[in-house]
Structures are given as C-alpha cells and as structure tokens.
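The values are calculated or read from the model by the stated rules, or taken from the named source; none is laboratory data. All of these numbers come straight from a predicted model, not from anything done at the bench. Every residue, glycine among them, receives a Cβ derived from its backbone with ideal geometry; neighbour counts consider all protein chains shown. Only protein heavy atoms, including side chains, enter the accessible area calculation; ligands, DNA and RNA are left aside. Shrake-Rupley method; radii C 1.70, N 1.55, O 1.52, S 1.80 Å.
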Amino acid sequence: MQALFSRFALEAAVFACGAIVMIYEITGSRIVAPYIGTSTYVWTSLIGVVLAALSLGYWIGGKTADRRPDAKVLAAAVFLAGGAVSLTVLIKDLVLAALAAAGGALEIKAVVAALILFAPASIMLGFVAPYAIKLRMRTLDDSGKTAGRLFALSTVGSIAGTFLAGFVLIPFVGSTRTLYLIASLLFLVSLLIAPLALARRNVTVLLLFGISVASSEASSYYLFRKHGLVDLDTSYSRVRIYETENERTGRPFRALATDPYFAQSAMYLDDGTPVFEYIPFYHLVRHFKPDHEHSLMIGGAGFTFPQEYLRTYSSARMDVVEIDPRMTELARQYFGLRDDPRLAVFHEDGRTFLNRAPSNTYDAVMVDAFGSLFSIPHQLTTVEAVREMHRVLRDNGIVIINIGSAISGRGSLFLQAEIATYKQVFDDVLLFKVRPERRDAELQNVILVARRSAAALPCPNCPDLESSTDAEITRMLLTRFTSDLPHSQPVLTDDLAPVERYNSLALSEMQSR
C-alpha cells in the first residue's frame, strides 16, 4: 500500500497544484475587489500576470530539474509556494490600500497588485510540472507519454479547481479563508512528495502562515466589533456591510458595498429611510408619470428604494431584478426587506429580464445597477438594451437611471456616450444634478430621465420642467442641467461598449484632483 501511495504521489501533487493555480487566480479577483474593483482590467491583469509567472516557473523548473532531479527540491518549492500564499494573506490589505490611494491608471494598479500579491506563488507553482516530468521520466522512449500524462493531469486539476473555486469555495468558504486552505494544502502536498526537515527556513514559513491567519482573523474581529463589519463572498461579488454615522447629521446608518469607492445601499438605523441623496430623484416618476401603477427596478442591492416606493405609493406595484439571490437574503437580514404582495423579485441579469419581458408592461423603468468602480454593467448601457427598455414601457412611460459621472471633461465620456445612446431611442432626454453646487467637471451622481413621449407631458406648456405643486419635486426640478447635453461620444452598442475604459479615465481624473 505504501509503495502504491509513493508511486502516485507525484501525479497527485501535479493534479493538486494544477487545481490550486486556478483557485488562487479566481480567488485573487475577490481579494482585490474592495480596493480596485473587478473590472475587465483586473481580470486581464490577473490572468496575464499569472500566465507570465507560470511560464517563468516552467523555465526555472525545467532548468533546475536537469541540474538536480531530487524530490526534496520539488517538495521545497511547493512548500515555499504555501509560504508565498501566506504572505499574500498578510500583506494584501496593506498593498491594496496603498494602490487604491495612489494616483495613476487603473490598468497599472491592477498589474502592480497582481505582480506583488500573486506572481511569487504562481512562479513556484509553475515549477512543479516540468520538474515532475523529469523525476518521472525513465527513458527518452517514453518522454512524450510521460510529459503528456502529467500535463494532462495538471490541466484536469485546473479544470477541477476552476469549478471548485467558483461553485463552492468562494460562495461558501470565502476568499480569505480560501487562501488559508490553499496554503495548508500546499504544505500537505509538499509532505506528500518528500518529508521536510524542521530547518529554520521551514519553521519560518510555518510561522508566517500562523501570523497571517491570526492577523487576518483579528482584523476581521476588530472591524466587526468596531463597525459591525460583515465581509462575505457571494456567487457574484464580495460584499461588505458596515455601520457608521452621517458626518453632517450624526445619524447612524448601515451600508452595503461591493465597490472600493462607493456603497451600493445605505439605510438610516433610526427610521429605515434611504441615506443617499440620489434616491429621492426616483420619485420624479410621480411628476412625469403621475398615473404610474407598475414600475420595474433593475438593481436591488439593499432594496432601500423599493421599500420606500411601496410605502409612498400604496396602490403601486414594483418588480425588482437583482442578479444575486444572496443579495436579497442580505437585504432581508440587514435592511429590513419584508415580503409584500406588491413586490416581485426576479433573480437574473437585468438585460436578460428586459429581453424576455412583455411589451407595454411598465410605467417606469428605474436603473440603479452597478458593477465595478461605479460603472453600470455594459450590457445595460447599449442601444440594444435601451430599445428593450423603450419596448417594455407603456405610452408616456419613463426611464430614470442613476449614473456616476462628471458632466464635462475627461470624466464625462461615459455620460456623453450614454446620452447619445438614449437620444437614439427616446423622444426626450433630461439630466439632473443630485448636488447642483458641484462643478460639472467633478465626479458625481447625475440622474438621466428619458421620456417615451415628449408630446404628452403632465404640463404641455413646459412649466413641468420648472416647478410643481409638490415642494420636493420642485426642488429636484430646479437641479435640471439646462445647458446643451454633451453627447459627442459614439453610441454604445452590444458590439462596442467601452464602459470600463471610460470609467477608468473618470477614476484617474477624480484621484488627480
């Protein structure tokens, strides 16, 4: 039995390390998410850096194997990979916080983060396959078969690791604890290959692992006690829920964030009302469509506005599309969401819901969906998506969409493209500044309102754009951007919607001020 175990130990190690590479890479996206987001730039950087590190590891492993083909060397490399993962746990928050605070392009930050945090362990993991081939190879006659078998095992391991990370570890174990698991597994794999002496180097690595786990858990406990911080992973994002106070009023509130710069939902703890200043602008629905009965909201998060909508309009109904079922569970647990016969929740992508929704169903479509770095998911920004919104609206229906953007300058490129896109489909497009005192070049919340029929407004002579008998509505109408709407950028399409590039430029502009 021991002989059989020894015979297949190398194959098991190759399989395990192949799986760990993919688990490490996928988990990396969640580790960096609270600081620099999960945009295409982040994924591109992670994949590119890990592949480059693996390539370097292949070269070093093959060269070392020719000089010194010894199982103890391979075991040491795997053991050190566990140490490198432990170092990732220890320094990740310090490194990522420094990068988030630094100026510069998001692309550069993403590459630097991947290089510092994920390249060292990836190099050592790349060391494994070529070194294992050398150890297994008996003659040149079976070299091709040996190499093919071990690389196949490594690839099958990577496939298994991909599904394990996405379907099990990230949603049920969490990103940080998955790193603990990876490091522990690497230590066990190294012992499987060959026993390690209790040398100073090995003891140091194990001590590093212990310190990393202890410091991470202590930090999580402190943040939970201090701010009520709940940090967890869902199938779609890394979510942080915390409690703090409004700087101006001193009122305590609870917030939910999936983004490094902005929270997605916030609710005052004393009365359950929404915190964010842009939320009241969704009430423009009662001005532009006073007979509204059935509204659609794309993006639920903490469900703060849907709950207020139901409280405010006692006879109206709302459908909410929230892609993440876990987010709805969190809204129930932390934000007071309750079942209501007038509220229907659909767990799917907003675009796919629009594509299959019946025509002429809704009086209003409200969009408050954000991906990484205050960017609206690109599939909801395109002219094809806007046509679907137009189709599902009833006569004189409106779209109200919250956008994070500047109105002028380099930080306004996404807004310009979105305005151009809506103007392709809707009769009339309006823009409101949530904070009118802010300069147009500042990154801010702006509200885009698109009206399906400008000819049938509540007040055909246009005073509806200036005042109302409702004081709250009048306040919001006075924030309308009355200059010509900027729309010099190309219309966004399903084929070409560079949303993340626009928002990367806006972020760089914000940090340079």
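Do we have residue 223 as aliphatic (A, V, I, L, M), touching a helix residue (DSSP H, G or I) at 6+ places or on another chain (Cβ under 8 Å) and part of a helix (DSSP H, G or I) here? When the stated conditions are applied, residue 223 does not pass them.
Within the stretch 252-273, the residues that satisfy the criterion of being surrounded by fewer than 21 Cβ atoms within 10 Å (Cβ to Cβ), in a loop (DSSP other than H, G, I, E, B) and touching a Lys or Arg at 6+ places or on another chain (Cβ under 8 Å) are 269, 270.
Within the stretch 394-413, the set of residues being open to solvent by 10 Å² or more (accessible area, probe 1.4 Å) and not small (Gly, Ala, Ser) comprises 394, 395, 396, 410, 413.
Taking the criterion of being in contact (Cβ under 8 Å) with a residue 12 or more places away in the chain, surrounded by fewer than 18 Cβ atoms within 10 Å (Cβ to Cβ) and polar (S, T, N, Q), the residues of the stretch 309-342 that qualify are 312, 315. For the stretch 232-251, a tally of residues being out of contact with any Gly (no Cβ under 8 Å at 6 or more places or on another chain), of a type in the set (Asp, Glu) and not in a loop (DSSP other than H, G, I, E, B) returns 1.
Within the stretch 261-307, the set of residues being farther than 30 Å from residue 427 by Cβ, in contact (Cβ under 8 Å) with a residue 40 or more places away in the chain and of a type in the set (Gly, Ala, Ser) comprises 265, 272, 301, 302.
Residues are listed down the side, and each one gets a yes or a no for (1) on the phi < 0 side of the Ramachandran plot; (2) in contact (Cβ under 8 Å) with a residue 60 or more places away in the chain; (3) assigned to a loop (DSSP other than H, G, I, E, B); (4) open to solvent by 20 Å² or more (accessible area, probe 1.4 Å):
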site: 131; (1), (2), (3), (4): yes, yes, no, no
site: 142; (1), (2), (3), (4): yes, no, no, yes
site: 145; (1), (2), (3), (4): yes, no, no, yes
site: 153; (1), (2), (3), (4): yes, yes, no, yes
site: 157; (1), (2), (3), (4): yes, yes, no, no
site: 163; (1), (2), (3), (4): yes, no, no, yes
site: 169; (1), (2), (3), (4): yes, yes, no, no
site: 176; (1), (2), (3), (4): yes, yes, no, yes
site: 180; (1), (2), (3), (4): yes, yes, no, yes
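Is it fair to say residue 276 is in a strand (DSSP E or B), surrounded by 14 or more Cβ atoms within 10 Å (Cβ to Cβ) and aromatic (Phe, Trp, Tyr)? Spelling it out, it is not the case that residue 276 is in a strand (DSSP E or B), surrounded by 14 or more Cβ atoms within 10 Å (Cβ to Cβ) and aromatic (Phe, Trp, Tyr). Counting the residues of the stretch 55-97 that are assigned to a helix (DSSP H, G or I), of a type in the set (D, E, K, R) and either more than 34 Å from the chain's Cα centre (by Cα) or modelled with pLDDT of 95 or more (or both) gives 4.
If you check residue 315 against the conditions, is it among the polar types (S, T, N, Q), within 17 Å of residue 394 (Cβ to Cβ) and assigned to a strand (DSSP E or B)? Here the answer is no, as residue 315 does not meet what is asked. State whether one or more residues within the stretch 38-50 are of a type in the set (Phe, Trp, Tyr), at pLDDT below 95 and either under 30 Å from residue 171 (Cα atoms) or outside any helix (DSSP H, G or I) (or both). For the stretch 38-50, residues of a type in the set (Phe, Trp, Tyr), at pLDDT below 95 and either under 30 Å from residue 171 (Cα atoms) or outside any helix (DSSP H, G or I) (or both): present.
Is there a residue in the stretch 23-35 that is farther than 24 Å from residue 163 by Cβ and open to solvent by less than 10 Å² (accessible area, probe 1.4 Å)? Checking the stretch 23-35: not a single residue is farther than 24 Å from residue 163 by Cβ and open to solvent by less than 10 Å² (accessible area, probe 1.4 Å). Kindly evaluate residue 188 against the criterion of being open to solvent by 20 Å² or more (accessible area, probe 1.4 Å), under 19 Å from residue 127 (Cα atoms) and part of a helix (DSSP H, G or I). Considered against the rule, which asks whether it is open to solvent by 20 Å² or more (accessible area, probe 1.4 Å), under 19 Å from residue 127 (Cα atoms) and part of a helix (DSSP H, G or I), residue 188 comes out as yes. For the stretch 304-333, the set of residues classified as more than 22 Å from residue 245 (Cβ to Cβ) and of a type in the set (A, V, I, L, M, F, W, C) consists of 310, 316, 318, 320, 321, 323, 327, listed by residue number. Against the condition in contact (Cβ under 8 Å) with a residue 40 or more places away in the chain, closer than 16 Å to residue 55 by Cβ and open to solvent by 20 Å² or more (accessible area, probe 1.4 Å), how does residue 120 come out, does it pass? Judged against the criteria, residue 120 is a match.
Restricting attention to the stretch 440-449, does a residue exist that is open to solvent by less than 40 Å² (accessible area, probe 1.4 Å), at pLDDT below 85 and in contact with a Ser or Thr (Cβ under 9 Å, 6 or more places away or on another chain)? Among the residues of the stretch 440-449, not one is open to solvent by less than 40 Å² (accessible area, probe 1.4 Å), at pLDDT below 85 and in contact with a Ser or Thr (Cβ under 9 Å, 6 or more places away or on another chain), which makes the answer no.
So in the stretch 313-327, with the set limited to residues that are at pLDDT 95 or above and among the β-branched types (Val, Ile, Thr), which one is farthest from the chain's Cα centre (by Cα)? Ranking the candidates gives 320 first. Would you call residue 475 among the charged types (D, E, K, R), in contact with a Phe, Trp or Tyr (Cβ under 8 Å, 6 or more places away or on another chain), at pLDDT 85 or above and more than 22 Å from residue 375 (Cβ to Cβ)? When the stated conditions are applied, residue 475 does not pass them.
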